[in-house]
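The values are calculated or read from the model by the stated rules, or taken from the named source; none is laboratory data. Keep in mind that this is a model prediction, so the values were computed, not measured. So basically every Cβ, Gly included, is an ideal-geometry build from the backbone, and we count neighbours across all protein chains shown.
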Amino acid sequence: MRDAPISKYSLGVGLAKRDPQQTKKEMLQHMHDLERTARAKKAAMLEKLQSSPRKTFWTAEEREALEVRSQLR
């Protein structure tokens, strides 16, 4: 058995031939790693979005007037 980290290329038939418990443990760890990186990417995207300046410069009153007009149509 290898002690190399799991990559998308090593997940396949090779894992099916190994110990099922070890395979399950490695797949669980792999899924946790994917979840962790996805959460980190999402947090980075939100940080970038929140740090950018506003794209609209309507005042609260103008937004309210636009909302009223759109509901009257």
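Which of the helices (runs of 4 or more DSSP H) contained wholly in the chain include at least 2 residues that are at pLDDT 95 or above? Full working, then the answer.
Working: elements: 13-16, 20-51, 60-72.
The qualifying helices (runs of 4 or more DSSP H) are 20-51.
In segment 55-73, how many are surrounded by 10 or more Cβ atoms within 10 Å (Cβ to Cβ) and small (G, A, S)?
1
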